[in-house]
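Visitor: The structure is given below, and queries will be raised subsequently.
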Amino acid sequence: MKRLDEIFDEAIKNGTFPGGVLLVGDHEKVIFEKSYGTLSKDSKERVSNDTIYDLASMTKVVATTPAIMKLIEDGNLRLYDPVSLFLDEFKTEEKREIRIFHLLTHTSGLPSYSEGWKYAKGKDLMKVINSTTPINPVGAKYLYSCLNFITLMEVVEKISGRRFDEFTKSEIFIPLGMVYTTFKPPKKWKMAPTSEREGRILCGDVDDELAYYLGGVSGNAGLFSNVSDLYNYAKMYLNHGMHGDQKIFSKETIDAFTCEAFNDDQNRRALGWDMKGLACSCGDLMTEYAFGHTGFTGTSIWIDPQIDITVILLTNRVNISRRENQEKIIRFRPLLHNYIVANRRFLGE
């Protein structure tokens with residue numbers, strides 16, 4: 001569609017991102033899929049539909065949230081279990097009331113991030129993260145925090161006895177046919193580079209600082225994927241937990257994790273997922289049942305079961321700038337979603 005191409009061409013020209021891939025689908029089929037622009041600001045190589053992108057915080061809902069869903073379905077965990085049942089560092093007076101629910105809804109009271117990556121790496125960095133004390137009372141207010149989902153990764157590893165990347169691959173990605181979704185992807189894959197760190201442009205190494213210095217595998221960031229794999233994942237939600245004839249999750253679990261779990265009149269959250277609100281990235285035309293998530297690198301996924309649609313956007317806007325174009329992608333996403341929802345019946349023409 002000409003106008004859709006114009007929307008992307010304008011964004012690329014304005015420095016929102018060097019390129020990207022868009023996929024729109026419903027519970028049965030892909031409605032629209034197209035790539036735009038180049039792999040990086042300094043490259044002439046065109047993006048293709050199968051280009052792999054750093055998902056950044058989309059990791060929280062594509063890896064960590066379904067891992068928790070799996071543990072709940074298997075009878076190993078419940079939402080209101082205190083984290084201290086699994087992690088000794090949460091047995092302190094300030095943290096002993098933090099429950100799995102609080103981590104998933106960003107109401108744990110933990111700060112949004114940690115500067116520990118500046119002086120600690122690997123296991124030492126994890127110790128710094130685990131020693132972080134809350135800055136708000138448990139359950140009192142919403143504060144988006146990467147630390148919540150790093151903690152959830154630790155819970156998954158503690159209960160399963162397996163590494164987080166191994167658990168998510170075998171329990172989520174392989175059953176869904178997500179063959180290009182992984183932590184620490186092979187260098188031979190076609191990937192969009194992100195920003196510069198330690199004197200080199202990252203390409204296949206995670207952009208997020210905490211995930212990077214934890215070794216590339218984290219509950220808050222670190223996952224790489226393409227739109228085809230992510231469509232398999234989104235379509236599973238639109239089909240009530242089914243992937244073809246295979247049950248990945250029960251309808252009850254899907255419903256429980258994608259309905260409103262927290263609302264303070266400014267923020268609506270499901271379990272792990274963001275929900276449609278006044279200023280969210282899915283725009284104005286999706287319904288109140290829409291749920292989704294963004295990634296700092298310039299990625300997003302939105303699913304609206306009410307109108308049977310998913311919109312997956314992958315870009316590497318941090319390749320241009322980590323901060324200066326952030327407001328541009330924040331404005332771009334809702335404008336794009338408004339156009340797609342209003343014109344979805346014509347997208348395939």
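Visitor: Of all residues in the range 38-50 being without any contact (Cβ under 8 Å) to a residue 40 or more places away in the chain and in contact with a strand residue (DSSP E or B) (Cβ under 8 Å, 6 or more places away or on another chain), which is surrounded by the fewest Cβ atoms within 10 Å (Cβ to Cβ)?
Guide: Selected residue: 44.
Visitor: Can you spot a residue in the range 63-82 that is more than 22 Å from the chain's Cα centre (by Cα) and either of a type in the set (Gly, Ala, Ser) or modelled with pLDDT under 95 (or both)?
Guide: yes
Visitor: If you scan the range 110-138, which residues turn out to be over 26 Å from residue 99 (Cβ atoms) and assigned to a loop (DSSP other than H, G, I, E, B)?
Guide: 119, 120, 121
Visitor: Another one. Which residues, counting only those in the range 15-64, are over 26 Å from residue 346 (Cβ atoms), out of contact with any helix residue (DSSP H, G or I) (no Cβ under 7 Å at 6 or more places or on another chain) and not in a loop (DSSP other than H, G, I, E, B)?
Guide: Across the range 15-64, the qualifying residues are 38, 52, 53, 54, 56, 57, 58, 59, 61.
Visitor: Does residue 94 count as part of a loop (DSSP other than H, G, I, E, B) and over 30 Å from residue 192 (Cβ atoms)?
Guide: yes
Visitor: Across the range 210-259, what is the number of residues that are in contact with a strand residue (DSSP E or B) (Cβ under 8 Å, 6 or more places away or on another chain) and of a type outside the set (Ser, Thr, Tyr)?
Guide: Of the residues in the range 210-259, 16 are in contact with a strand residue (DSSP E or B) (Cβ under 8 Å, 6 or more places away or on another chain) and of a type outside the set (Ser, Thr, Tyr).
Visitor: Which residue, of 50, 81, 42, 54, is of a type in the set (Asp, Glu), at negative phi and touching an Asp or Glu at 6+ places or on another chain (Cβ under 6 Å)?
Guide: The conditions single out 54.
Visitor: Here is a follow-up. Here are some residues: 168, 194, 151, 107. Which one is part of a helix (DSSP H, G or I), in contact with a strand residue (DSSP E or B) (Cβ under 9 Å, 6 or more places away or on another chain) and of a type in the set (Ser, Thr, Tyr)?
Guide: It is 168.
Visitor: To continue, here is another question. Residue under question is residue 178, and the condition is that it be aliphatic (A, V, I, L, M), modelled with pLDDT of 95 or more, under 22 Å from residue 162 (Cβ atoms) and out of contact with any strand residue (DSSP E or B) (no Cβ under 6 Å at 6 or more places or on another chain); does it hold?
Guide: For residue 178, the condition - aliphatic (A, V, I, L, M), modelled with pLDDT of 95 or more, under 22 Å from residue 162 (Cβ atoms) and out of contact with any strand residue (DSSP E or B) (no Cβ under 6 Å at 6 or more places or on another chain) - is met.
Visitor: Could you count how many residues in the range 51-94 are free of Cβ contacts under 8 Å to residues at least 40 places away in the same chain and basic (Lys, Arg)?
Guide: So the answer is 2.
Visitor: So in the range 55-114, with the set limited to residues that are farther than 28 Å from residue 297 by Cβ, of a type outside the set (A, V, I, L, M, F, W, C) and in contact with a Phe, Trp or Tyr (Cβ under 8 Å, 6 or more places away or on another chain), which one is surrounded by the most Cβ atoms within 10 Å (Cβ to Cβ)?
Guide: Applying the filter and picking the extreme gives 99.
Visitor: Could you list, ordered by first residue, the pairs with Cβ atoms under 6 Å in which the first is in the range 191-210 and at pLDDT 95 or above and the second is in a strand (DSSP E or B) and among the hydrophobic types (A, V, I, L, M, F, W, C), at least 6 apart or interchain?
Guide: What qualifies is 191/52; 193/201; 203/191; 204/191.
Visitor: In addition: Read through the list (1) open to solvent by 10 Å² or more (accessible area, probe 1.4 Å); (2) more than 19 Å from the chain's Cα centre (by Cα), then give the number of the only condition that residue 8 fails.
Guide: Only one criterion in (1) open to solvent by 10 Å² or more (accessible area, probe 1.4 Å); (2) more than 19 Å from the chain's Cα centre (by Cα) is unmet by residue 8, namely (1).
Visitor: When you scan the range 77-122, how many residues do you find that are in contact with a Gly (Cβ under 9 Å, 6 or more places away or on another chain) and either under 19 Å from residue 213 (Cβ atoms) or among the polar types (S, T, N, Q) (or both)?
Guide: Adding up the residues that qualify gives 5.
The values are calculated or read from the model by the stated rules, or taken from the named source; none is laboratory data. All of these numbers come straight from a predicted model, not from anything done at the bench. In this analysis, Cβ positions are derived from the backbone assuming ideal geometry, glycine residues included, and neighbour counts consider all displayed protein chains. All accessible areas refer to the heavy atoms of the entire protein, side chains included, with ligands and DNA or RNA removed. Shrake-Rupley method; radii C 1.70, N 1.55, O 1.52, S 1.80 Å.
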